[in-house]
Every structure is written in C-alpha cells, then in structure tokens.
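What follows is one structure encoded as structure tokens, with my remarks underneath.
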Amino acid sequence: MTEEGPRLSAREMIERLEPSLSPRRRVRAVAALLAGLAGTVFVAALWWSEPGPLPGRTHLAFALFTVFSLAWACYGGWLLTRRVPLFATDRVVAAWIGLAASVTTAGLVAVVAAQRGTGLGLPLAIGGLLVAAALVLVVRAHARRAALLRRLRELTGQETGGEER
Amino acid sequence: MTDELLVIRAQLGERAALAELVARWQEPVWTYVRRMLDAERADDVTQEIWLAVVRGLPRLREPARFVPWLFTIARRSVTDRLRGQYARELEARAAGEVVAEDPVEAMVDRAELVNALAGLPVLEREILVLFYLEDLSVEDCAQICRIPAGTVKSRLNRARRLLRAHLEEKGYRP
C-alpha cells in the first residue's frame, strides 16, 4: 500500500469547521431561544389577561402567536444543544443575557397584568419562575467556568514546575 | 502541552487551542477512518467526526479522557457507515467469543500490519487499528468499542491469528 494521508490539512479542516464556530451563529441561537421564550410568556400573559369574553378568531390569533413563539424557542434550544457549541465563556455571557431578558419579560408581564387589573399572582409566579431559571443558569455557567480555570491553573502550575509531557 | 490542557483551554473558548487540538489529532483520526473505510469516504467521515467533536466539546466532562472520547465519536461515524457489516459479524459470533485473560504480547510491524489490515473482518480490523496504530490501551479500546476488556484481548488474539494466516498466505514468513 502506498503511503497516503488525509486530503484535507488540519488548517483546511479548521476552515471547514469555522461556520459552526462563528460568533454570529451563537448569537443567533441565543437570540432565537430568548426571543421565543419571552414571546411565549408575553403573548400567553396578554391572552390570559384579556378582559371580557373573546371572539373565536381572537383566540385563534393568540394561540397561533403562542405556538409561533414556542416554535422559535424550540428552534433556539435545538440549535444550542445540538448544533452550535457554546463554550464556557460564551455560556456565562449567554446566561447573563438570558437573565436580563427574563427580568425584562417578567417586568413587562407584571405591568400588563397590573394595568388590566387581572390579578398579579399568576404573572408574578411565571415571571419569578423564568428569572429563577435564568439565575440557575448564570450560577451554573460561572461555576463551570471557574472549575475549568482552576484546573487550568493546576495544570499550568505543574507544567512550569517541570512536569511537562 | 498536554491534551488535557488544550481541551480545557478550548472548552473555555480559546480558538487557538481548538485549532491545535485539530492539528494534533486530525491525522490519527483520519488513519483510523481510512483503515476502516475506503479512501472515497475517509475525508468526508473525518470532517463529520470533527464537526461532532466541536459540537460536543463544551459538554466533555473529563478533559483528561479526551482521546477515548474522540475515538468513540469516530467509531460511531464509522459504524454508521458499516452498520450492515458490524451487525452480521456480531451476530455470527455472539455465541463463540470467549474472554481471554492472557496479556497482549505480540510484535507486529506497522507497515505489514497496514497492508494486511484491509483483508480482515471489521471487528478485528477496528481493534488492531485502535491498539497498534493509535497506541491506545486495552481499557481505552474497551471504552471506545463498548465491550469488556477481556473481549478486547480475545479479539486482539483472534485478529493476530487472522493476520498471521493472512501474511503467511501471501508468502511472508516471520
């Protein structure tokens, strides 16, 4: 057998991987997830707090809007878990954006509910849940990054200590 | 710099570390794929493997176990292509595979091995490539192929027997 090697050099391989590593794709995925989730909560809150009996067509429109937002949220979630790699530092940034988006959504929903006088209990509970979930993600992202940095320091300490492979 | 250090830096989001990791492991991954598949598919499958690696890297929990993880992904892509062949061979020997306890001890010359590999059944070929060409330990091979270490050893024994028969058939005498 003649000596053969990969047709693609390592550099070419990295170039081919570039599209899935581009920052724009990551931002798009995070934006799709957040906009989808925020949209779902907001439209559902509007629907819920709509005063008086609604005609069938309005119900249908609200339902369609909710499904549409939910579909975007699912698409963003699928991108982030299956298609776009979110590294530790990206995760920290994404989690903070998520927290800001959840606080804004919770605030908006609460304002809408207060203006319409439909009771603040449920909107506050849902908003709170959203913010709590975002907070958990922030804490986890920071913890993961800190753990990686700790291990990095341990390993670089070892290497400079003369244990390099 | 160790693989673990590179993996951690890549997981933190350092692009240069990821590039270095690809540069370091692209050829071994390609070698494994090429020994298992024809030249036509080797490059495409290698690219598919690296895409899966990049996507999965943020979730890798044990950076020190990068290499077995990498070859597990590579093996998944290869088995997808050879599904029929794997299934037939596994079925054929479901009854007969015995667990060997003896330590692996055989010297096989790399060049001859590469030449003779193409003629072996996939299960034996795979284990020889991982163990001899990629220099992985029996434990790593077991993790990658998802079989007990004893089965790795017995497959290695059988693979060496087949290889010897194959080489002798071609007129080579050790």
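The values are calculated or read from the model by the stated rules, or taken from the named source; none is laboratory data. A quick note: this is a predicted structure, and the numbers were derived from the prediction, not measured. So basically every Cβ, Gly included, is an ideal-geometry build from the backbone, and we count neighbours across all protein chains shown.
Only residues that are free of Cβ contacts under 8 Å to residues at least 12 places away in the same chain and either in the same structural domain as B:Leu133 (by TED's automatic domain parsing) or not small (Gly, Ala, Ser) (or both): list them for the range B:6-53, please. Those that are free of Cβ contacts under 8 Å to residues at least 12 places away in the same chain and either in the same structural domain as B:Leu133 (by TED's automatic domain parsing) or not small (Gly, Ala, Ser) (or both): B:Arg9, B:Leu12, B:Glu14, B:Arg15, B:Glu27, B:Arg34, B:Asp38, B:Glu40, B:Asp44, B:Gln47, B:Leu51.
Take the conditions in contact with a Leu (Cβ under 9 Å, 6 or more places away or on another chain), more than 14 Å from chain B (Cβ to nearest Cβ) and either over 30 Å from B:Ala42 (Cβ atoms) or surrounded by 15 or more Cβ atoms within 10 Å (Cβ to Cβ) (or both) and apply them to A:Ala29. Does it pass? Answer is no for this residue.
Per this entry, A:Leu70 is counted among residues that are in contact (Cβ under 8 Å) with a residue 12 or more places away in the chain and either loosely packed, with under 15 Cβ neighbours inside 10 Å or not acidic (Asp, Glu) (or both).
Please find, among A:Val92, A:Val84, the residue that is within 14 Å of another protein chain (Cβ to nearest Cβ), in contact (Cβ under 8 Å) with a residue 12 or more places away in the chain, buried (at least 16 other Cβ atoms within 10 Å of the Cβ) and out of contact with any Leu (no Cβ under 9 Å at 6 or more places or on another chain). Result of the check over A:Val92, A:Val84: A:Val92. Cβ-Cβ distances below 6 Å connect no pair with a first residue in the range B:153-168 that is within 17 Å of B:Glu89 (Cβ to Cβ) and not assigned by TED's automatic domain parsing to the domain that holds B:Tyr132, a second residue that is of a type in the set (Ser, Thr, Tyr) and not in a helix (DSSP H, G or I), and a separation of six or more residues or different chains.
For the range A:73-123, taking the residues that are more than 30 Å from A:Glu50 (Cα to Cα) and hydroxyl-bearing (Ser, Thr, Tyr), the one that is nearest to the chain's Cα centre (by Cα) is identified as A:Thr81.
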